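**Q** Here you go, one structure.
The values are calculated or read from the model by the stated rules, or taken from the named source; none is laboratory data. All figures in this text were calculated on a predicted structure; none of them were measured in a lab. Note: ideal-geometry Cβ built from the backbone for every residue, glycine included; neighbour counts use all protein chains shown.
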């Protein structure tokens, strides 16, 4: 059934477009024709119409020839949705194919649009009947429920409630965000409910047949006059509290509890602008109109009240803020150098108009638009700059980060003044080491004597003396001695090890040997 309904709406839309293009739409206060932003749709046998309308207050007169059918004043909703307006037209005055004239006055533009509308035939599809009725008590003054299963592109429905063929309540639903319609309809003036009353519910959506009737029984009341009074008092309090309804982000305080023990739940016609919890998102347009509906409840007493809120786009004069984040494993040395490739990401924050783009610059040649993580692999010193621009045109002053990469280990040469100790006389011999080192990028950080070892055990205590390990010590004593054991009476070998480190943490290790030859 949903497929048939959508096809029906599609052909109706094409027919209305053909009418607008073929017949022309006149603007009362303009010499030239101008397309109307308001496009009513009217069906035979329907007492109310629906129409897409931008946000504004409207006065609408509906006539057939010289006969005035209705005059209503209402306010528009988001043009992306279509909403029904209750007019109780006399359906006997028009039939399928009749041309009904809508004159729509928009005070915000000080324009009147004249829109001819052809009465459309009614679909053979029935409207879905009301469901999920809230239990009805004999003291209730409002009847609540939902329509689920066939919400037709945001169309509202007219719900009629009768008792013994007498209409006791009638009203139009509002559309929820979860593919349903809800209604909270007050009883007609002078009507009261009694335990055991049988109520019949029907729903009608413009362009579709009325729904089947469903019945509900009125139950005995556990309704408290004190609860009703508390609800009434908090309705008044809430109306006074929420009297000023013009907001800018980030939020509006929507109370969830009244002053007299009531609970308050909220519904928003545009939750993407004002959420039911009160968070406000920056509107896409300069101004957004939002309907906020508060339901005040205590016990079985409940009333709903609506507010019209205006959310204005806050003037954005603040540039975004960009943050540079180095990769998790990219850790610099104490001197700020890296000895590996470095990648970074950029993220920008703008709480008002939003971020338009982020750029970075590795060299002074050109700015590049940031799209994904940037990897810097070549050695060198980079003056990275980065900045962002928001949708309001505010540009951030470039931020800077110096990135220094040195992957090359320093050069180190080690030599000694005596590479052989002779004669083998058991004496300590002074050794002088000559060091040559160089690092062309980050610079040398340190050269250290890290160890002096022998391939033989000492024959006397302290065969190695005067060495200051962990420093750039180049003078120490080695004993001219050897055990004379081992393979083929092998020589003693002293291994002297130095390590050079640059500022990026790159290391070079060199070993020089001093021997005590065999006899």
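**Q** Among the candidates 303, 270, which residue alone is touching a strand residue (DSSP E or B) at 6+ places or on another chain (Cβ under 6 Å), in a loop (DSSP other than H, G, I, E, B) and more than 30 Å from residue 443 (Cα to Cα)?
**A** Sole residue among the options that is touching a strand residue (DSSP E or B) at 6+ places or on another chain (Cβ under 6 Å), in a loop (DSSP other than H, G, I, E, B) and more than 30 Å from residue 443 (Cα to Cα): 270.
**Q** Yes or no: the range 150-170 includes at least one residue that is buried (at least 17 other Cβ atoms within 10 Å of the Cβ), assigned to a loop (DSSP other than H, G, I, E, B), in contact with a helix residue (DSSP H, G or I) (Cβ under 9 Å, 6 or more places away or on another chain) and on the phi > 0 side of the Ramachandran plot.
**A** no
**Q** Right, here's the next one. Working carefully through the options 262, 318, find the one that is touching a helix residue (DSSP H, G or I) at 6+ places or on another chain (Cβ under 6 Å), surrounded by 15 or more Cβ atoms within 10 Å (Cβ to Cβ) and more than 30 Å from residue 445 (Cβ to Cβ).
**A** After applying the criteria, what remains is 262.
**Q** Check whether at least one residue in the range 95-108 is touching a strand residue (DSSP E or B) at 6+ places or on another chain (Cβ under 6 Å), modelled with pLDDT under 80, closer than 30 Å to residue 268 by Cβ and part of a loop (DSSP other than H, G, I, E, B), and report yes or no.
**A** No, every residue in the range 95-108 fails to be touching a strand residue (DSSP E or B) at 6+ places or on another chain (Cβ under 6 Å), modelled with pLDDT under 80, closer than 30 Å to residue 268 by Cβ and part of a loop (DSSP other than H, G, I, E, B).
**Q** Give the residues of the range 171-181 that are more than 28 Å from residue 119 (Cβ to Cβ) and either without any contact (Cβ under 8 Å) to a residue 40 or more places away in the chain or touching a helix residue (DSSP H, G or I) at 6+ places or on another chain (Cβ under 9 Å) (or both), sorted by residue number.
**A** Scanning the range 171-181 gives 178, 179, 180.
**Q** Which of the residues spanning the range 430-461 are farther than 30 Å from residue 403 by Cα, surrounded by 17 or more Cβ atoms within 10 Å (Cβ to Cβ) and touching a residue at least 40 places away in the same chain (Cβ under 8 Å)?
**A** Once the filter is applied, which keeps residues that are farther than 30 Å from residue 403 by Cα, surrounded by 17 or more Cβ atoms within 10 Å (Cβ to Cβ) and touching a residue at least 40 places away in the same chain (Cβ under 8 Å), the range 430-461 yields 431, 433, 449, 452, 454.
**Q** Looking at the structure I just gave you, is residue 297 surrounded by 15 or more Cβ atoms within 10 Å (Cβ to Cβ), modelled with pLDDT of 90 or more and more than 21 Å from the chain's Cα centre (by Cα)?
**A** The answer is yes for residue 297.
**Q** Does residue 254 satisfy the criteria of being over 30 Å from residue 162 (Cβ atoms) and in contact (Cβ under 8 Å) with a residue 40 or more places away in the chain?
**A** yes
**Q** From 429, 424, which residue is in a strand (DSSP E or B), assigned by TED's automatic domain parsing to the domain that holds residue 443 and under 30 Å from residue 479 (Cβ atoms)?
**A** Matching residue, one of 429, 424: 429.
**Q** Restricting to the range 392-416, and then to whatever is in a loop (DSSP other than H, G, I, E, B) and loosely packed, with under 13 Cβ neighbours inside 10 Å, can you tell me which residue is farthest from the chain's Cα centre (by Cα)?
**A** Filtering first and then ranking leaves 397.
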